[in-house]
Amino acid sequence: MDYFIGTEGGTERQVFELVKGTDQNRYRPYFFTFQPMDYLHDKEFQPYVNTLNIQRLLDITSILKMLKLSFYIYKTKIDLVHIFFNDAAVLAPFFCKLGGAKVITSRRDMGFWYTPRILNALKVSNRFVDRIAVNSNAVKFNVVKMEGYPESRIKVIYNGLRRNRIEQGKAPLFRDKFNISPDHQIVGMVSNLYDVKRPKDLIQAFLEVNKTLKRVHLVFVGGGPKEIEPLKIYVDKLSINRHVHFTGKIPEPIPVIKHFDVCVSCSESEGLSNAILEYMGCGKPVVCTNVGGNPELIRNGFNGFLVDKGDIHNIADRIKAILSDCCLGKTLGEHGKQLFLSFFTSDRMIHNFMEFYDSTLQELN
């Protein structure tokens, strides 16, 4: 993996669940990162971690380190290597294959990081990849189209969350901290607040909501100062700053989500949204854009509503419909919780990965 900066990131959280949940009667996990990260000194990860200290892909030092990794794989008799993130997907497959391991890579988004140069590099690197694991059908079809990888060698394994995370209670004193009255409703969005997540679309939609429903607040969870400060300026210009709040990055969003009355994702690109899984697990109604893997999570009118990317008026209308009808919001939320428990728990995800590892080794030996 390129790096591991903590479990706030969607892929990092999924990898953490996978490493910790691996059935060690069947597989002994080793964990390698290109870049050193303080988080990896956590006692939960220590037994598995090795850092390669690779900062640049194509220099002689990095190549020598990867050759050393190849020898380690050969010497330790590692059977299977599972690769995450972009730099590792380009550089690592050849060297892992050289060490004698079967190679799986992952794609977990719709390729917003693709460039012509990267795609050409991936098409070469993919010659040494035995299987690709993806987290939605949308991502699978995108990999086939953009990378030319055979569909028959791609496996869809949906993201999963631990049930005990979802069972946490509401964050105490959250409303007091942001001066939100107990009888006021909350629209919430959990996101890193990058431009691709289109947070301004939700702010504009909330402006419409606020014209009709005065006792409503908007809460953004996530993002750092670089993302939040321009949004605060934007909110101030719209004169809705008393109703819009930013928590910044927090290690665990679930207790805050429990306060939300409707949850939103306005992103223009998603593989399979971990935030939407968190919304569903918390039993919250969802309004989200009809992009990437979102339609594989949200069944329109059943556990939420799908809207077109950038359709601010429809986002606002769907939010108002849910906030104005408590029975609708409750029904949508209950349906989402049922789907989560049936298809998107970490136990199910880990089980599916163990079977995928088994079949990859059996079919290719």
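The values are calculated or read from the model by the stated rules, or taken from the named source; none is laboratory data. Computed from a prediction, not measured in an experiment: that's the story for all the values here. Neighbour counts run over all protein chains shown; Cβ positions are idealised from the backbone, glycine included.
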Applying the selection to region 93-152, what residues are in contact with a strand residue (DSSP E or B) (Cβ under 9 Å, 6 or more places away or on another chain) and among the basic types (Lys, Arg)? 97, 102, 107, 108, 131, 140
Considering (1) surrounded by fewer than 22 Cβ atoms within 10 Å (Cβ to Cβ); (2) modelled with pLDDT of 95 or more; (3) aliphatic (A, V, I, L, M), say which one residue 196 fails and leave the rest. (2)
With the requirement that a residue be part of a helix (DSSP H, G or I), in contact with a Gly (Cβ under 7 Å, 6 or more places away or on another chain) and of a type in the set (Val, Ile, Thr), what does region 325-365 give you? 350
What tally of residues in region 74-125 results from selecting those that are surrounded by 15 or more Cβ atoms within 10 Å (Cβ to Cβ) and either hydroxyl-bearing (Ser, Thr, Tyr) or not assigned by TED's automatic domain parsing to the domain that holds residue 34 (or both)? 4
I need the helices (runs of 4 or more DSSP H) fully contained in region 17-130, keeping only those with at least 2 residues that are without any contact (Cβ under 8 Å) to a residue 60 or more places away in the chain and hydroxyl-bearing (Ser, Thr, Tyr). 60-76
Quick one: which residue in 251, 230 is surrounded by fewer than 16 Cβ atoms within 10 Å (Cβ to Cβ) and at pLDDT below 95? 251
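One line per residue, one yes/no per condition, for (1) among the acidic types (Asp, Glu); (2) farther than 30 Å from residue 138 by Cα; (3) assigned to a helix (DSSP H, G or I):
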| residue | (1), (2), (3) |
| --- | --- |
| 196 | no, no, yes |
| 211 | no, yes, yes |
| 217 | no, yes, no |
| 232 | no, yes, yes |
| 251 | no, no, no |
| 259 | no, yes, no |
| 270 | yes, no, no |
Which residue pairs have Cβ atoms closer than 6 Å, lie 6 or more positions apart in sequence or on different chains, and pair a first residue in region 224-240 that is without any contact (Cβ under 8 Å) to a residue 60 or more places away in the chain with a second residue that is in a loop (DSSP other than H, G, I, E, B) and of a type in the set (A, V, I, L, M, F, W, C)? 227/193
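Please go through region 178-194 and pick out each residue that is part of a loop (DSSP other than H, G, I, E, B), touching a helix residue (DSSP H, G or I) at 6+ places or on another chain (Cβ under 6 Å) and touching a residue at least 40 places away in the same chain (Cβ under 8 Å).
Once the filter is applied, which keeps residues that are part of a loop (DSSP other than H, G, I, E, B), touching a helix residue (DSSP H, G or I) at 6+ places or on another chain (Cβ under 6 Å) and touching a residue at least 40 places away in the same chain (Cβ under 8 Å), region 178-194 yields only 191.
Specify the residue that is modelled with the lowest pLDDT; the eligible residues are those in region 1-35 that are charged (D, E, K, R) and in contact with a Lys or Arg (Cβ under 8 Å, 6 or more places away or on another chain).
Taking region 1-35 and keeping what is charged (D, E, K, R), we get 2, 8, 12-13, 17, 20, 23, 26, 28.
Among the residues that remain, those that are also in contact with a Lys or Arg (Cβ under 8 Å, 6 or more places away or on another chain) are: 8, 17.
Working: 8: 72, 17: 88.
Of everything passing the filter in region 1-35, 8 is modelled with the lowest pLDDT.
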Of the criteria (1) among the acidic types (Asp, Glu); (2) surrounded by 14 or more Cβ atoms within 10 Å (Cβ to Cβ); (3) in contact with a helix residue (DSSP H, G or I) (Cβ under 7 Å, 6 or more places away or on another chain), which one residue 151 fails: (2)
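Take the residues in region 319-329 that are under 28 Å from residue 167 (Cβ atoms) and free of Cβ contacts under 8 Å to residues at least 40 places away in the same chain; name whichever of them is surrounded by the fewest Cβ atoms within 10 Å (Cβ to Cβ).
Selected residue: 327.
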Any chance residue 177 is of a type in the set (Lys, Arg), out of contact with any Leu (no Cβ under 9 Å at 6 or more places or on another chain) and within 29 Å of residue 11 (Cα to Cα): no
Quick one: which residue in 304, 333, 283, 310 is touching a residue at least 12 places away in the same chain (Cβ under 8 Å) and at negative phi? 333
Checked region 60-81 for anything of a type outside the set (A, V, I, L, M, F, W, C) and on the phi < 0 side of the Ramachandran plot; matches are 61, 62, 65, 68, 70, 72, 74, 75, 76, 79
Would you mind stating whether residue 10 is touching a helix residue (DSSP H, G or I) at 6+ places or on another chain (Cβ under 9 Å), touching a residue at least 60 places away in the same chain (Cβ under 8 Å) and among the small types (Gly, Ala, Ser)? yes
If a residue has to be in a helix (DSSP H, G or I), farther than 30 Å from residue 131 by Cβ and modelled with pLDDT of 95 or more to count, how many in region 151-175 make the cut? 2
